[in-house]
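Asks: Here you go, one structure.
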């Protein structure tokens, strides 16, 4: 196998579709010959503060490009997040406020370098160039695409046929994402398989602006811990890369054996044939440890495994539980403690956990959100503990 073939095979592995393989091969070969790195872009709308394993599938591919010497443009869609991208959805997405976008974007910048090489990454905000577009520019962009093309897009088509609203504003979104490619003169763009229409728009606009069209690489969508829906914070089936080692480990252990193999394929470099020789429980323990290690140290990953085995195999509580002092006066009832100690993101989530029977004290399930606080071991779900004590 030639060097060029090896590079292409490495880059292409794991993708669901490449448009086109021939173009990508030529771009990679040209880069090898000239020594000029490719500009590889991927956009992330900061609609939530956390990156999760679903994002990691794409980020790992970006890191492969970096390891081969190419430059990655990590685009934070601060401008487009305020429009709302309906990709893969059957309704308009709620538009975000500037303060929300700014907060989430800051969180993204901190987390992304757990995976990407900071020296080979250019973090850019698309408001830098999109804010400069005037009415004439927008009209010129819109002339590059027809209404028929827009209505051929699967999610738009479904909503149109179901007589659900599709705003003109939503037609503008793929044009703006495509213009990102024009502005950055992108050679390659990566995205999820649900982003195909938007990714191809980048190629179309580049040709309209007399640029060489980018190669498009689509990556598979990772199912969440429920094994059914695409991983999403809004669905509560996500594993955030900024969560604690214990939480990442515990959530990974909660997935099904069938989903485990898909996680191995999309989130690790481990040979799956080797894993198939292991007992399913040992295979999942190894997967959880490997995923934690990607974002933390080997020691923290190992400690997370030991803690999990101690709590769930031996049915013991962890030694290093955080203590909440009841006499502090910070909270009067259970629901306040759950939110205060971040055992739930909000009071609504806390109520949901209680209703589902996921909250107990000393083994007794709590059904009243206004349960009066008293000393004991508070347990939320299968892996989160808090010691309620009168004093330290």
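The values are calculated or read from the model by the stated rules, or taken from the named source; none is laboratory data. What you are looking at is a predicted structure, and each value in this text was computed from that prediction instead of being measured. As a convention, Cβ positions derive from the backbone with ideal geometry for all residues, glycine included, and neighbour counts pool all protein chains shown.
Asks: Got a sec? Which of 139, 175, 151 is over 30 Å from the mean Cα position of the chain (by Cα) and in the same structural domain as residue 78 (by TED's automatic domain parsing)?
Replies: 139
Asks: Let me ask another. Would you call residue 343 in contact with a strand residue (DSSP E or B) (Cβ under 8 Å, 6 or more places away or on another chain), assigned to a helix (DSSP H, G or I) and within 28 Å of residue 373 (Cβ to Cβ)?
Replies: Judged against the criteria, residue 343 is not a match.
Asks: Would segment 36-51 turn up any residue that is free of Cβ contacts under 8 Å to residues at least 24 places away in the same chain and either not in a strand (DSSP E or B) or not assigned by TED's automatic domain parsing to the domain that holds residue 133 (or both)?
Replies: Checked against the condition, which is being free of Cβ contacts under 8 Å to residues at least 24 places away in the same chain and either not in a strand (DSSP E or B) or not assigned by TED's automatic domain parsing to the domain that holds residue 133 (or both), segment 36-51 yields at least one hit.
Asks: Just a yes or no: is a residue in segment 19-26 in contact (Cβ under 8 Å) with a residue 40 or more places away in the chain, part of a helix (DSSP H, G or I) and in contact with a strand residue (DSSP E or B) (Cβ under 6 Å, 6 or more places away or on another chain)?
Replies: yes
Asks: Something else: Which number in (1) in contact with a helix residue (DSSP H, G or I) (Cβ under 7 Å, 6 or more places away or on another chain); (2) within 25 Å of residue 58 (Cβ to Cβ); (3) crowded, with 16+ Cβ neighbours inside 10 Å marks the one condition that residue 270 misses?
Replies: (3)
Asks: Scanning for something at pLDDT below 85, part of a loop (DSSP other than H, G, I, E, B) and out of contact with any strand residue (DSSP E or B) (no Cβ under 6 Å at 6 or more places or on another chain), does segment 347-362 turn up at least one residue?
Replies: There is no residue in segment 347-362 that is at pLDDT below 85, part of a loop (DSSP other than H, G, I, E, B) and out of contact with any strand residue (DSSP E or B) (no Cβ under 6 Å at 6 or more places or on another chain).
Asks: On the basis of being touching a strand residue (DSSP E or B) at 6+ places or on another chain (Cβ under 7 Å), surrounded by fewer than 19 Cβ atoms within 10 Å (Cβ to Cβ) and over 28 Å from residue 23 (Cα atoms), does residue 158 make the cut?
Replies: No: the conditions fail for residue 158.
Asks: Working carefully through the options 331, 301, find the one that is surrounded by 11 or more Cβ atoms within 10 Å (Cβ to Cβ), over 24 Å from residue 238 (Cα atoms) and out of contact with any strand residue (DSSP E or B) (no Cβ under 6 Å at 6 or more places or on another chain).
Replies: That would be 331, the only listed residue that is surrounded by 11 or more Cβ atoms within 10 Å (Cβ to Cβ), over 24 Å from residue 238 (Cα atoms) and out of contact with any strand residue (DSSP E or B) (no Cβ under 6 Å at 6 or more places or on another chain).
Asks: Follow-up question, since we're still on this one. Please go through segment 241-253 and give me each residue that is under 15 Å from the mean Cα position of the chain (by Cα) and surrounded by fewer than 20 Cβ atoms within 10 Å (Cβ to Cβ), ordered by number.
Replies: Those that are under 15 Å from the mean Cα position of the chain (by Cα) and surrounded by fewer than 20 Cβ atoms within 10 Å (Cβ to Cβ): 242, 243.
Asks: Output the number of residues of segment 1-25 satisfying the condition of being within 19 Å of residue 199 (Cα to Cα) and surrounded by 13 or more Cβ atoms within 10 Å (Cβ to Cβ).
Replies: Result for segment 1-25: 12.
Asks: When you scan segment 229-236, do you find a residue that is outside the structural domain of residue 363 (by TED's automatic domain parsing), buried (at least 19 other Cβ atoms within 10 Å of the Cβ) and assigned to a loop (DSSP other than H, G, I, E, B), even just one?
Replies: Within segment 229-236 (the criterion being outside the structural domain of residue 363 (by TED's automatic domain parsing), buried (at least 19 other Cβ atoms within 10 Å of the Cβ) and assigned to a loop (DSSP other than H, G, I, E, B)), the answer is yes, since at least one residue qualifies.
Asks: Quick check on residue 265: is it outside any loop (DSSP other than H, G, I, E, B) and over 22 Å from residue 311 (Cα atoms)?
Replies: Spelling it out, residue 265 is indeed outside any loop (DSSP other than H, G, I, E, B) and over 22 Å from residue 311 (Cα atoms).
Asks: Could you figure out which of (1) at pLDDT below 85; (2) more than 14 Å from residue 385 (Cα to Cα); (3) assigned to a helix (DSSP H, G or I) isn't true of residue 331?
Replies: Going through the list (1) at pLDDT below 85; (2) more than 14 Å from residue 385 (Cα to Cα); (3) assigned to a helix (DSSP H, G or I), residue 331 breaks only (3).
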